[in-house]
Each structure stands twice: as C-alpha cells, then as structure tokens.
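Written below as structure tokens is the structure these notes are about.
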Amino acid sequence: MAKNSKPKPKPPVNLSLKPPAKACSILPDTTLGDDVALVAENMEAILSSPSYSLAQDDQELLTKTEMRGVRMLLELNKPELSFLEHNIKSTVIVFGGTQIVERPAAERRLSEARRNLAAAPGDKRLKRELERSEKLLSRCHYYDAARQFARLVSIDNQCDDRRDFVVVTGGGPGIMEAANRGAFDVGCQSIGLNIKLPAEQQPNPFITPDLCFQFKYFALRKFHFILRAAAVVLFPGGFGTLDEMFETLTLRQTHRMQPVPIILFGRDYWSKVINFQQMADEGVISDEHLDLFTWAETPEDCWRQIVEFHERHPPTQA
C-alpha cells in the first residue's frame with residue numbers, strides 16, 4: 001500500500017432495514033376478550049389469587065425470608081399493646097429449670113426410673129437416670145418456693161387498675177409453671193413469654209390467657225422480659241436459666257438496662273455451679289461486679305429484698 005493512499009470508505013448503513021418481527025408461535029383463533037366464559041373464569045382467578053389479598057392477610061407473604069423485619073416488628077408490638085391494655089407497669093422475672101417439678105411428679109419420675117433399672121440392672125444409662133431423678137426429687141422444694149414467692153409478689157400489687165410486679169416467666173414447665181401457678185392461686189395475672197422448643201410444645205396452664213404469647217425470635221422475647229423488669233429472680237436451672245442470668249448481669253454491668261435487684265435463689269446450688277469469686281480472683285470481672293446480685297433462701301427474704309431495693313431506688317416519674 002502506498003504511504004499516501006487513503007482507506008476506502010465503508011458502504012452506508014441502510015437504516016430502513018429492521019429485523020423481521022418474531023411471530024407468536026400460538027395465536028388464538030378468536031378474540032379472547034369477547035369470550036364471556038373465559039373472561040368470567042379469569043375474573044374468578046383474579047379474586048382468588050394471593051396477589052389480590054390484603055398484604056396483612058397473605059400468610060405466604062408474611063412467612064417469606066424477605067419479610068423477617070415485618071415479623072419481628074409484629075412480635076415487638078403485639079405483646080406491648082397487650083401490656084398497655086392491661087396497664088402493666090412493671091414485672092418480676094422468674095427464671096428456673098424445667099426439670100424441677102412439684103413433689104408428686106418428681107416421685108413418679110423416680111419410681112419409673114427405679115422400675116426401668118430393675119428391668120435392666122446392668123444398663124449404665126438407666127442407672128444414671130435413677131441418680132438424676134433422686135437429685136431432682138431433692139430439689140423439688142424450689143418448685144414450692146417459686147410458687148409461694150409468686151403469691152407474695154402478686155397479691156399486694158394488683159389490687160388497683162395499675163399493675164406492678166406482675167410475674168413473668170418463659171411460660172414453660174418446672175419453675176416457670178410454679179411461678180405462674182402462684183399468681184393463679186391468688187387470682188392474679190401473670191405473663192408467659194412462650195417459645196416453641198423441642199421439649200416444650202405448649203405453655204403451662206396457669207398463665208393469664210390474654211397475657212400468654214408465643215415467639216419465633218428469641219431476641220424479641222428477651223426484649224420483652226427486660227423492658228418492664230423491676231426484679232430478676234433466678235432459681236436453679238440449666239443452660240436457659242444461665243443464659244438469661246448472664247445476659248441480665250451483662251446488661252447491668254454495662255449499664256444497658258434499668259437498675260434492678262438480681263437475686264439468685266438457693267446459694268447451695270449456685271455456688272456449686274458457678275464460682276463467681278474465682279472469676280473476680282482471676283481478674284476477669286471486678287470485685288464490684290459481685291455486688292450486682294444477691295442471694296435468697298426463702299420466698300419471704302426474696303420479696304423483702306425487692307421491696308427494700310425499690311425503697312432505695314424509687315422509679316423516676318415520666
């Protein structure tokens with residue numbers, strides 16, 4: 001190619017050329033909009049379609065993963081509206097183990113364990129179950145104490161329209177049942193914040209019906225426990241009780257919740273399960289943090305501590 005030669009011009013683009021229209025593979029033989037039966041059938045489908053229902057009535061919509069925020073908001077507001085309606089100003093949280101039951105039930109469990117072991121004396125698992133049943137029988141006095149404590153708390157604080165120190169539990173069996181039962185004994189209201197678990201399929205029968213709630217989200221359940229709490233009483237229990245105990249202690253340690261008495265009921269049990277003093281000696285908590293909780297051995301002493309605490313720390317008026 002010569003050095004000064006010019007490139008050949010490109011042929012002009014014919015803008016009038018368009019790709020051929022794609023024909024629909026299936027065309028109706030008639031005008032569908034004139035088919036009365038088809039139109040009626042379509043109208044019926046419109047009215048029955050989930051898309052036409054109100055969003056609040058669309059269960060399939062509400063259960064979608066993308067609607068988690070809406071479900072959480074519902075779990076936040078539903079109990080709150082009920083507490084306002086019942087004029088519940090403050091609550092007393094009672095936590096404790098599901099396996100600590102009243103004496104007749106504990107005795108039946110022990111008898112069954114003995115029968116099972118007698119049928120298979122060499123079974124180590126059944127021997128262990130017998131040992132556990134014997135230990136739980138020795139702990140059933142905590143059920144009675146929780147029941148009596150709830151009576152004391154409830155009977156003097158629900159006489160007027162304003163309700164203070166309303167007992168609130170997780171709504172399950174064991175110590176929770178005992179506390180709800182104590183309020184039930186004296187004709188007072190109590191709250192159950194229930195959540196479905198593998199071993200707990202329904203709430204105990206002593207909760208005030210209008211104040212029994214079922215939660216999907218642990219976080220919202222915990223929020224409602226703490227929001228109105230005027231005291232936290234922890235009877236002997238397992239992982240769930242420990243979870244609530246350490247969460248409450250952490251919230252108080254970090255000043256993220258209102259001042260409340262945190263009472264560990266049954267020093268013999270708790271001092272064996274957790275060595276709080278050792279935690280302070282190791283330096284992982286300060287000595288002052290040991291003052292975040294107290295001990296109680298009787299329902300009367302437990303209630304006295306709560307009363308005296310609030311005499312020293314009267315609630316601020318909104």
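The values are calculated or read from the model by the stated rules, or taken from the named source; none is laboratory data. A quick note: this is a predicted structure, and the numbers were derived from the prediction, not measured. Every residue, glycine as well, gets a Cβ built from its backbone with ideal geometry; the counts of neighbours run over all protein chains shown.
Which residue, of Arg162, Arg151, Arg181, Arg221, is in the same structural domain as Glu80 (by TED's automatic domain parsing) and surrounded by fewer than 14 Cβ atoms within 10 Å (Cβ to Cβ)?
Exactly one residue qualifies, and that residue is Arg162.
Among the listed residues Phe206, Phe213, which satisfies the condition of being surrounded by fewer than 22 Cβ atoms within 10 Å (Cβ to Cβ), aromatic (Phe, Trp, Tyr) and either in a strand (DSSP E or B) or in contact (Cβ under 8 Å) with a residue 12 or more places away in the chain (or both)?
None of the other options fit; the residue is Phe213.
Report, by residue number, each residue of the stretch 58-114 that is assigned to a helix (DSSP H, G or I) and in contact with a Ser or Thr (Cβ under 6 Å, 6 or more places away or on another chain).
Arg109, Leu110, Ala113
Right, Pro315: over 19 Å from Ile175 (Cα atoms) and in contact with a His (Cβ under 6 Å, 6 or more places away or on another chain) or not?
Answer is no for this residue.
Within the set of pairs 6+ apart or on separate chains, which have a first residue in the stretch 225-239 that is surrounded by fewer than 22 Cβ atoms within 10 Å (Cβ to Cβ), a second that is part of a strand (DSSP E or B), and C-beta atoms under 6 Å apart?
Phe225/Ile93; Arg228/Thr91; Ala229/Thr91; Ala229/Ile93
Among the residues of the stretch 1-60, write down those that are of a type in the set (Gly, Ala, Ser) and either closer than 30 Å to Arg71 by Cβ or at pLDDT below 65 (or both).
Scanning the stretch 1-60 gives Ala2, Ser5, Ser16, Ala21, Ala23, Ala45, Ser48, Ser49, Ser51, Ser53, Ala55.
For the stretch 185-203, name all the residues that are part of a loop (DSSP other than H, G, I, E, B) and touching a residue at least 40 places away in the same chain (Cβ under 8 Å).
Correct list: Gln189, Ala199.
Quick one: count up the residues across the stretch 118-158 that are among the aliphatic types (A, V, I, L, M) and either under 26 Å from the mean Cα position of the chain (by Cα) or closer than 21 Å to Phe206 by Cα (or both).
7
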